[in-house]
Amino acid sequence: MSPDQGDVTVLLRRWQDGDKHAEEQLFQLLLPELRKIAGCCFRRERINHTLQPTALINEAFLRLAALKKIEWQDRGYFLALSARIMRHILIDAARSRGTVQFSPLDDAPELVQRQLTPREVEIAIDSMLDDLEAEFPLGRKVYELKHVLGLTDEEAAEALGLSLRNLQREWHDTRKWIFQRMLAGGWKHESKTTE
């Protein structure tokens, strides 16, 4: 059973105010969900990865704790940000080895799939996430929970405190935004910096 949304939000605010006891409580309360996120992140990693899920969780939590000026909104926001940080830790580790692996967005339009490799699709999407967040803040969270972590619609809806129908609408609108941007070539000027 997942932690109560209200309890987590209260603990996040107390943590933001510097309450170390709230930090410990929050970590213990959300540890099962952080483990699930780490497990999802590792699904796409090689078997003999130098990082382990526990180390990934600890590193992500340390980075979260260092974010002093962040305004914690709720459990869904915390989990989406945790997922983003874990993903970046793994991408940084892969880049240092020179072996970045990405998974394609399965339902990308055929034109995009013909023009770009799966790696280029993922780099293009990654380069657009800040713009996506600026236009659709919830869209970025949905993308990270659904595509990056591979959560089901039900799991993502629960994490974000949305109804299933609203989550599915957000996921549809997010994919539509990404694909329209890719088909228009809006990613080209940005993706070269990640090569």
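The values are calculated or read from the model by the stated rules, or taken from the named source; none is laboratory data. All values derive from a computational prediction rather than experimental measurement. Neighbour counts run over all protein chains shown; Cβ positions are idealised from the backbone, glycine included.
Condition (residue is at pLDDT below 75 and surrounded by 15 or more Cβ atoms within 10 Å (Cβ to Cβ)) applied to the range 59-68: is it met by at least one residue? No, that holds for no residue.
In this structure, Leu138 does not qualify as assigned to a helix (DSSP H, G or I), modelled with pLDDT under 85 and of a type outside the set (D, E, K, R).
Exactly one residue out of Gln113, Gln101 is modelled with pLDDT under 70, surrounded by 13 or more Cβ atoms within 10 Å (Cβ to Cβ), among the polar types (S, T, N, Q) and closer than 20 Å to Ile37 by Cα: that is Gln101. Can we say Leu12 is more than 19 Å from Arg87 (Cα to Cα), touching a Leu at 6+ places or on another chain (Cβ under 9 Å), at pLDDT 85 or above and not in a loop (DSSP other than H, G, I, E, B)? In short, yes.
Scanning the range 155-186 for residues that are without any contact (Cβ under 8 Å) to a residue 12 or more places away in the chain and part of a helix (DSSP H, G or I) returns Glu155, Ala157, Leu164, Arg165, Asn166, Arg169, His172, Lys176, Gln180. For the range 16-45, the candidate set comprises residues that are among the small types (Gly, Ala, Ser) and either in contact with a Ser or Thr (Cβ under 8 Å, 6 or more places away or on another chain) or in a helix (DSSP H, G or I) (or both); within that set, the residue that is surrounded by the fewest Cβ atoms within 10 Å (Cβ to Cβ) is Gly39. Of all the criteria given as (1) among the small types (Gly, Ala, Ser); (2) modelled with pLDDT of 75 or more; (3) surrounded by fewer than 16 Cβ atoms within 10 Å (Cβ to Cβ); (4) under 18 Å from Glu144 (Cβ atoms), the one not satisfied by Ser2 is (2).
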